[in-house]
Amino acid sequence: MASAATLGLSLFRRKPVRSMAEQAAADAAHGSLSRSIGLFPLVMLGIGATVGSGVFVALTAAVPVSGPAVMLSFVIAGITAGLTALCYAELASTMPVSGSAYSYAYATLGEFCAFVVGACLLLEYAVSASAIAVGWGQYLNELFGDVTGWQMPEAISQPPGEGGVVNLPAMALIAICAMLLIRGAKESTAVNAVLVVVKLGVLALFGIIALTAFKSENLIPFMPLGWAGVGSAASMIFFSYIGLDTVSTAGDEAKDPARTLPLAIIISLLVVTAIYLFVAIAAVGAQPWTAFSGQNAGLAVILRNVTGAAWPSVLFSIGAIVSIFSVTLAAMYGQTRILIAMSRDGLLPKVFGRLDPVTQSPRHNTWIVAVFIAVLAGVVPLNVLVNLTSMGTLTAFAVVSLGVMILRRTRPDLKRGFKVPLFPLVPVASVAFCLYLIIELPRQTHLLFLVWVTGALLLYFGYSFRNSVLARAS
């Protein structure tokens, strides 16, 4: 039986950065993921994974918590995401491989921490895809109501706890995304780029129309629930910045990753933050903050109320349906790539890393992910999904920031395509902001997260610890 000292060393065994690059090359030589994604598709992937969730789904849940000060909530979430984006950019330029924060943690904090981070990422992507897909049914119903006067029964179109029993449109959306992802990464990102352009167009339409009804009195009182409400709303909507992480999961499929990954992460963040603030200002200025509570497909309803006509709502609902599709697609893409990375390292069964010989896509992996996400989307209440996503995202983001500081100290010789400015202030501030938002999440979220991590630990010590590639090599 291994001694406590030996066990401790095994838990913190690290995967050398150089071996990551060598394995990526070896995997490519054996018919693995191909480098087919350039800078523009990467930026579109980041925007597509981000814009939609916060604006289309979470805004109407966040405003009743914070009031018009939801604008500050977006700023706080944006600052936190911005600090972390700089850390992601440095690690992505240093270690351009799939796996995102999981791979970075493996090189800096060791195998045990990497596995926990991987579990957080899997929670983040699965639950966010579920939460986003839930909003799809709401906008679909709004469109049906505007065009035909008929709507699906709430039992099959609304989230559980909000009048629904099983959300069938959300489950259907996930199945469609799975079928597209199985066709291959290049095709998926090309479709995503088109969807993002449509999304930006309808959000611009919303902002322009909503601003025509802007009333300054709708911003008073600006902070009706105080800073506590602002912090709670910031924690709630933080999951909408998950797209930054999605870009870094494409490390094995990006062209010239040391240059394109950091650029794509930073460009995505700037575009996303500007869009969120624009839409939030237009929305809270167009109607009293108290009107947002229980307002399904909220932005489409605002357009109908402002114009007194159905056509803006119809156009926006179509755009929202397209947009939520692209976000779900990107979130599922990110999760399957993290599973591939963990499977390669022996921490998960080989089925998750098996690729289709024709499309070079993880067919089995994708269907397993789709079933899991569809169950969550169909039967779990929306507010639970949103908060759990934020918890997983914030934990992973904090680890990335810690990883930058550790790698600067342990491997100062590494070639970095991008370096975090004002080091170590930026990564320290990133960790502090992440911890603040984690504390602001509800106690129920902390308990559910603890259950998830406990399950992950059982899997690690029951399977991964013995089957790790590093364990077999030692």
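Just so you know, all these numbers are worked out from the coordinates, no wet-lab data involved. What you see is a predicted model, and the numbers here were worked out from it, not measured in a lab. Here Cβ is always computed from backbone atoms with ideal geometry, including for glycine, and neighbour counts include all displayed protein chains.
All other residues with a Cβ under 15 Å from the Cβ of Leu303 taken together, and with Lys, Arg as +1 and Asp, Glu as -1, what is their net charge?
Every neighbour counted, the sum reads -1.
Separation between the Arg259 and Leu205 pseudo-spin-labels, each 7 Å from Cα along Cα→Cβ, expressed in nm?
Roughly 3.7 nm, to one decimal.
If the only charges are +1 at each Lys and Arg Cβ and -1 at each Asp and Glu Cβ, what is the size of the charge dipole of the chain around the Cα centre, to the nearest 20 debye? The partial results should precede the final answer.
Values: 26 positive and 19 negative charges, 270 e Å.
It comes to approximately 1300 debye.
Relative to the present Cα-Cα distance, how much length would full extension add between Met223 and Val375 at 0.36 nm per residue of separation?
So the extension gain works out to 51.0 nm.
Would you work out which of His446, Leu435, Phe423 lies farthest towards the positive end of the dipole of segment 410-474? Charges go on Cβ: Lys and Arg +1, Asp and Glu -1.
Phe423
Can you give me the Cα centroid spacing of segment 83-161 and segment 391-415 in angstrom?
21
For Ser468, what residues show an amide H to amide H distance below 5 Å, using hydrogens built from the backbone and excluding near sequence neighbours?
Placed amide hydrogens put nothing under 5 Å from Ser468.
Once the Cα gyration tensor of the chain is diagonalised, what are the square roots of 5 times its eigenvalues, in whole Å and ordered largest first, as equivalent ellipsoid semi-axes?
Square roots of five times the eigenvalues give 36, 23, 21 Å.
So, R0 is 30 Å and r is the distance between the beta-carbons of Val351 and Leu270; what FRET efficiency does that work out to, to 0.05?
0.20
Note the full-extension length gain between Val194 and Val428 as 0.36 nm times their separation in residues minus their Cα-Cα distance, in nm to one decimal.
Numbers: separation 234, 0.36 × 234 = 84.24 nm, distance 3.73 nm.
Extending this stretch completely gives an extra 80.5 nm.
Once both labels are modelled 7 Å past Cα along the beta-carbon direction, what's the Tyr463-Met152 spacing in nm?
Using points 7 Å along Cα→Cβ, the separation is 3.2 nm.
Which of the peptides 324-330, 39-45 is most tightly packed, and how do the rest follow, going by the mean number of other Cβ atoms within 10 Å of each residue?
324-330, 39-45
How do 430-442, 132-144 rank on mean C-beta neighbours within 10 Å, highest first?
132-144, 430-442
Scan the chain and note any complete DSSP helix (H) whose C-alpha atoms cover at least 15 Å along its axis and whose Kyte-Doolittle average is 1.0 or more.
Helices meeting the criterion: 39-50, 70-94, 111-147, 168-182, 185-211, 226-237, 257-286, 311-344, 363-379, 382-410, 425-440, 443-459.
Could you tell me which residue out of Thr94, Ser73, Val116 lies farthest along the dipole of segment 49-469 toward its positive end? Charges go on the beta carbon: Lys and Arg +1, Asp and Glu -1, centred on the Cα centre.
The listed residue farthest towards the positive side: Thr94.
Using 0.36 nm per residue, how much length does the chain from Arg183 to Asp413 gain when fully extended, once their Cα-Cα distance is taken away? Present the calculation step by step, with values, prior to reporting the outcome.
Details: separation 230, 0.36 × 230 = 82.80 nm, distance 4.01 nm.
Additional length available on full extension: 78.8 nm.
Suppose R0 equals 41 Å. What FRET efficiency, 1/(1 + (r/R0)^6) with r the Cβ-Cβ distance, do Ile406 and Thr290 give to the nearest 0.05? Spell out each step's value before the answer.
Values: r = 47 Å, r/R0 = 1.14.
That gives a FRET efficiency of 0.30.
Hey, if you put +1 on the Cβ of every Lys and Arg and -1 on every Asp and Glu Cβ in segment 49-469, which of Pro224, Gln138, Val271 ends up farthest toward the positive end of that dipole?
After comparing all options, I get Val271.
So how do 467-473, 278-284 stack up, highest first, on mean other-Cβ count within 10 Å? The partial results should precede the final answer.
Details: 467-473: 14.3, 278-284: 22.6.
Top of the packing list down: 278-284, 467-473.
For the pair Ala309 and Leu11, how long in nm is the line joining their label points, each one 7 Å along Cα→Cβ?
About 6.5 nm separates the two model spin labels.
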